[in-house]
Amino acid sequence: MNKAFAITLGILTAIGGFVDIGDIVANSEAGARFGMSLAWVVVVGVVGICVYAEMAGRVAAVSGRPVFDLVRERLGPRVGLVNLAGSYLVTVLTLGAELGGVALALQLATSVNYLLFVPVVGFVAWVVLWRTKFETIERVFGLLGLTLIVFVVALFKLDVPWSDLWHQASRPGPAGDENWGTYSFQAVALFGAAMTPYEVFFFSSGGVEERWTAKDLTINKANVFIGFPLGGLLSLALMATAATVYHPLGMRLDNLGQSALPVVLALGKLGLAVAILGFFAATFGAAMETGLSAGYTIAQYFGWSWGKRLKPTQAARFHTVVLVSVLIGVAALATMVDPVQLTEYTLIFSAVVLPLTYLPILVVANDRDYLGDRVNGRLANALGLLYLAVIVIAAVAAIPLLVMTGMGG
């Protein structure tokens, strides 16, 4: 049982990275607009995050220190500060979007306007982050997020045109009235969602929280190669159900309720209840992940005491950053910005800052001063360099595509 629970860190990280509020709607929207022709992006993203998360977890296990801490030491405070600024901005905006996503899930369950839930959600999130043990957070919300498997069940209950979906997936490109600009924009957004910087910061910091050592490298691999593909599977299920129900009608999606409708058509009210639970758990888990990541990055850069393994009084500045980050997220929602739209913007900004995150990880993972003989092998370096090239292309293309397509049209 303990070994089974050991992979919940990877599950929570993957659920937060692949099926948070923005990804739930983004994958559903991609399925509605493009069918399964963007499924390859999810697959590419899963492989990429597995490559770099394995490096990040290995660094944490062997050195006993999280990636962000070593990045500052290895590359210097100036490069570390640029990395910190970009990563924190994206993370805190994503935190706001996730808090809004929790409120939207509650609105879907109660029909009460989500804005009324925002202050309550923010307060509850802070209390959980302040008082709840790390292991409890990852196990409860990581495992509850798996209720989104209901989309996989719904896929087999619907009258799915499997040959059409395969045809779409095997022939990538825009469909119908779409063009290569909007298709490319959606691809960059989905890739940015899969490779979001806070995922590796949270994952490596979580390894330190759980006191991983070199003896836990197998657990690291299990977390990576089970957790992240599972998150990718749920993303593909969201895309496929939307492609089945909405794509033949030429419809576009822009809210959480529309994302849940295929489950309702397949499984009725019970399916809807499970889907809402999954939405709540996934978005609240992502809020926990981004809230902690905001505190991790700031505290690790400045050399403060940090982490859930310490009492709040022993890591006061870390918990203060977490509280301030939650307040910023709530304040952003108070402007009445749509949480889904906010997340979509953060996905593009995330793509822009990706090189600042992943190049240092590749450098540190090859440093024998930290890892000894546990440095990257040839395959890890080949994949790391290949994905670094893809990351740079996505970063360069992100803003021009945003402007050219008007946020995806």
Kindly report, to the nearest 10 Å², the accessible surface of Y114 as traced by a 1.4 Å probe over protein heavy atoms only.
30
How much accessible area per residue does the stretch 78-147 have, counting only protein heavy atoms and a probe of 1.4 Å, in square angstrom?
44
Suppose we flag trypsin sites (Lys or Arg not before Pro) only when DSSP calls them loop and at most 16 other Cβ atoms lie within 10 Å. Which is the longest uninterrupted stretch of the chain?
1-132
Hey, what number do you get for the chain at 222 nm if only DSSP H runs of n ≥ 4 count, each worth -39500 (n - 2.57), divided across all residues, to the nearest 500?
-26000 deg cm²/dmol
Is the stretch 50-185 rounded, prolate or oblate when judged by the Cα gyration tensor, a ≥ b ≥ c being the square roots of its eigenvalues, rounded requiring a/c under 1.5 and prolate requiring a/b larger than b/c?
oblate
For the stretch 348-357, take each phi angle, set θ = phi - 60°, evaluate the Karplus expression 6.51 cos²θ - 1.76 cosθ + 1.60, and give the result in whole Hz per residue in order, putting x for glycine and proline.
5, 5, 4, 4, 5, 8, 4, x, 5, 8
Summed residue charge, Cβ within 11 Å of D20's Cβ, Lys/Arg positive, Asp/Glu negative:
-4
Contact order normalised by length for the chain, with contacts defined as Cα pairs under 8 Å and 6 or more residues apart; what percent is it?
39
Give the ranking of H319, H247, H167 by solvent-accessible surface, highest area first, calculated with a 1.4 Å probe.
H167, H247, H319
Please determine, in degrees from 0 to 90 and to the nearest 10, the orientation of helix 114-131 with respect to the longest principal axis defined by the Cα atoms of the chain, where the helix direction is its Cα long axis.
30
On the accessible surface of the chain, probed at 1.4 Å, how many percent belong to carbon and sulfur atoms?
66
In degrees, nearest ten, helix 180-194 long axis to first principal axis of the chain (Cα):
40
Net charge over other residues, Cβ less than 14 angstrom from the Cβ of R33 (K, R count +1; D, E count -1)
-4
Leaving out ligands and nucleic acids, note down the accessible area per residue over the stretch 149-257 with a 1.4 angstrom probe, in whole Å².
42
List nothing, just return the count: lysine pairs in the chain, 8 or more apart or interchain, with Cα separation under 17 Å.
5
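The values are calculated or read from the model by the stated rules, or taken from the named source; none is laboratory data. Treat the numbers as computed from the prediction; the structure is a model and nothing was measured. All Cβ positions, glycine included, derive from the backbone under ideal geometry; neighbour counts span all protein chains shown. Remember, those area values only see protein heavy atoms, side chains included, never the ligands or the DNA or RNA. Shrake-Rupley method; radii C 1.70, N 1.55, O 1.52, S 1.80 Å.
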